[in-house]
Every structure is written in structure tokens, then in C-alpha cells.
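*Asks:* Would you mind keeping the following structure in view while I ask a few things?
The values are calculated or read from the model by the stated rules, or taken from the named source; none is laboratory data. What you see is a predicted model; the values in this text were computed from it and never measured. Heads up, the Cβs are rebuilt from the backbone with ideal geometry, glycines too, and the neighbour counts pull from every protein chain shown.
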Amino acid sequence: MEITPLIPEGRQVIESYGDGRFRVSGIPIEGSILVLPTVTFPWSALDVAGVTFDSLAPLLGIDPPVEILLVGCGRRLVPLAPALKAALRERGIGADPMDTGAACRTYNVLMAEGRRVAAALLAV
């Protein structure tokens, strides 16, 4: 029995992470990234202090809008600033911080389910 979820054509799948890089849909990318179901961007954030409303701007104007933002905080979970969570919530985006590995795995599951998800991932 095949249990691998069917991923629609053109969707971004996070295949691996570590050593300061990611592999997304066959493409190796150095450093932190912002991942949407159809596109991946380099991200300037180097640590949790760099996770700001402004740094997340590429995720804010997309259509359809993101409902869930997974924030990969590096090797361990670090809470997001309450002001950042509130600003995202005002735009209808729920932000969930977690370690980067958990964020990668969770993103793939939610994306495969067709959810409007994005991931902001600090490289580890």
C-alpha cells in the first residue's frame, strides 16, 4: 500500500535541512528561507532576533493569503515576540514557533493537506 501523500505539481516540498542549508523540491538553498506552497525565497534572518514583521513582508501580500506561519527557530523553540504574533494575528495569520526540523516536517504535512501555510525557517 502506497502511503506517500500525493503532492500536486509545482508545490514546494522541504526534502532536507542541516549544515546551514535546505533542499526544497530538488533545489539546494544556502541560509534561511521563506517557503510557500508554490515558491521559496531566501530570507535575511540569521537568528530569532531577525524574525520581524518587516522580514516576513514577502509572505504578507500573497493571494490566497497565508493562514498558518510556521517559524523554524533553529535548533530549539524560542517564543516569538508578543507584538509580532499580534501583528500577524491582525492579518489573519496564526504564527507557530518550533524548532526548524519540526517546522519543516509540519509544513510538508500541512501543504500536502492543501492548507494555506508558509514556513519561515532559520538555517541550522
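*Asks:* Against the definition (over 21 Å from GLU9 (Cα atoms) and of a type in the set (Phe, Trp, Tyr)), how does PHE53 come out, yes or no?
*Replies:* yes
*Asks:* Quickly run through region 52-79 and pick out the residues that are among the β-branched types (Val, Ile, Thr) and more than 18 Å from PHE41 (Cβ to Cβ).
*Replies:* Of everything in region 52-79, just one residue is among the β-branched types (Val, Ile, Thr) and more than 18 Å from PHE41 (Cβ to Cβ), namely VAL78.
Here is a yes/no grid of residues against (1) among the acidic types (Asp, Glu); (2) touching a residue at least 24 places away in the same chain (Cβ under 8 Å); (3) out of contact with any Cys (no Cβ under 7 Å at 6 or more places or on another chain):
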| residue | (1), (2), (3) |
| --- | --- |
| GLN12 | no, yes, yes |
| SER16 | no, no, yes |
| LEU36 | no, yes, yes |
| LEU46 | no, yes, yes |
| ALA49 | no, no, yes |
| PHE53 | no, yes, yes |
| ALA57 | no, no, yes |
| GLU67 | yes, yes, yes |
| ALA87 | no, yes, yes |
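*Asks:* While we're looking at this one, here's another question. When ALA123 is evaluated against the numbered criteria (1) within 17 Å of GLY31 (Cβ to Cβ); (2) in a helix (DSSP H, G or I), which criterion, by number, is the only one it fails?
*Replies:* All conditions pass for ALA123, except number (2).
*Asks:* Looking at GLY74, GLY101, GLY94, can you tell me which residue is of a type outside the set (Asp, Glu), at pLDDT 95 or above, on the phi > 0 side of the Ramachandran plot and under 14 Å from the mean Cα position of the chain (by Cα)?
*Replies:* Sole residue among the options that is of a type outside the set (Asp, Glu), at pLDDT 95 or above, on the phi > 0 side of the Ramachandran plot and under 14 Å from the mean Cα position of the chain (by Cα): GLY74.
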